[in-house]
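This report refers to the structure that appears directly beneath it.
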Amino acid sequence: MRSRLVPALAVAAALIVCPASARAQSLAIPDSPSFLVAGMASQQPATPPPAQSSSVGGLGFGIKGGWIYSSFSQAGESLDSRGGWEAGIFFGGNRGGVVGLMGELLYARKSFEEGVVLKTTNLDYFEIPVLLRLNIGSSNRNKGVIFYGLAGPVFDINLKAEQDGVDVSDDYEKFDIGVLAGGGLEISRIILEARYNWGLKNLLKNSGALSEDLKNQTFALIGGIRFN
C-alpha cells in the first residue's frame with residue numbers, strides 16, 4: 001500500500017507545480033529597455049502641428065516719385081506753367097486690407113513763368129499728404145494686381161522760392177493746404193499712380209485784392225516701389 005502511495009503523491013505534486021510556474025511566466029514583466037521606452041512613449045501627448053505663419057505684412061513702406069505739372073492762376077487768368085517733379089517716401093495704406101490710412105513725405109518743385117519778359121519762378125515744398133486709401137484686388141503684397149483710390153488733405157511747407165536764381169521767399173506764404181484725389185495700380189510691389197492736388201490758399205503775401213490771389217493746382221504722374 002505504501003509503495004503505491006508515494007508515486008501517487010509525486011504525480012500530484014508535479015501537476016500542481018507545473019501550472020503555477022506557467023502562470024508566473026505569463027505574468028512576468030520583460031526587462032528589455034525597448035519595452036520601457038514603448039510604454040513611456042504611449043503616455044506622451046501628441047505633438048501639435050506647427051502654427052502656420054501669417055501672410056499679413058506689417059506697416060507698408062516704400063518710395064515714390066515722378067513728374068508733376070503745376071497750373072498757377074491769378075486774377076482769373078492762368079500763368080504759363082512749367083513741369084516739375086516730386087519724390088519721397090510713403091508708409092501705411094493697409095495693402096492686405098480694403099481700407100487703410102497712408103501718409104507721405106515728399107519734396108516737390110513747382111514752377112511757372114510770368115511777365116512780359118518771362119521770368120521763371122520755382123517754388124520748393126515739403127509736402128505731407130494724409131490719405132484714405134481704398135484697395136480693390138489681390139490682398140497678397142508679393143504678387144497679384146490691386147487697384148486703389150486716394151483722397152485726403154495735403155499740407156505744404158514752402159522751403160524756398162526763387163525767380164531766375166534770385167531768392168524771393170519773402171514774397172510767398174510759408175504754408176499751403178490742398179485737397180488731393182487720385183488712383184493707382186499696384187502690380188506685386190510696383191506702383192503706378194495719377195493724382196490731382198487742388199491748392200486752397202493764396203500763395204502770395206500781402207496780395208491786396210482778392211482777385212490778385214495766386215493759387216496752384218497740380219497734376220502728377222508717379223511711379224514707386226513697395227519694400228514691405
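Coordinate-derived values only; no laboratory data. All of these numbers come straight from a predicted model, not from anything done at the bench. When we count neighbours, we look across all protein chains shown, and the Cβ atoms used for this are built from the backbone with ideal geometry, even at glycine.
Extension gain for A75-I63 works out to 0.6 nm (0.36 nm per residue, less the C-alpha to C-alpha distance). I'd like the projected area of segment 61-226, averaged over all directions, using the convex hull of its alpha carbons. Report it in nm² with one decimal. Seen from a random direction, the Cα hull of segment 61-226 projects 9.2 nm² on average. In terms of other Cβ atoms within 10 Å, E77, E113, E127 run from fewest to most in the order E77, E113, E127. Residue separation of F147 and V166 scaled by 0.36 nm, minus their Cα-Cα distance, works out to 2.5 nm of gained length. Here each label is just a point 7 Å from Cα along the line to Cβ, and for R189 and R82 those points are 3.6 nm apart. In straight Cα distance, which lysines are under 22 Å from K215, not counting same-chain residues fewer than 8 positions off? In chain and number order, the partners are K110, K119, K160, K174, K201, K205.
Starting from the Cα of I157, move 7 Å in the Cα-to-Cβ direction to define the label point; list residues of segment 174-206 whose amide nitrogen is under 17 Å from there. Once the point is set 7 Å along Cα→Cβ of I157, 174-178 turn out to lie under 17 Å by backbone N, inside segment 174-206.
In the neighborhood of R82, defined by Cβ-to-Cβ distances under 9 Å, what is the net charge if each Lys or Arg adds +1 and each Asp or Glu adds -1? That works out to -1. Under a 5 Å amide H cut-off, with hydrogens placed 1.01 Å from N, L204 pairs with E173, L214 among residues at least 5 apart or on other chains. Once the Cβ-Cβ distance of K174 and F91 is raised to the sixth power relative to R0 = 30 Å, the FRET efficiency obtained is 0.75.
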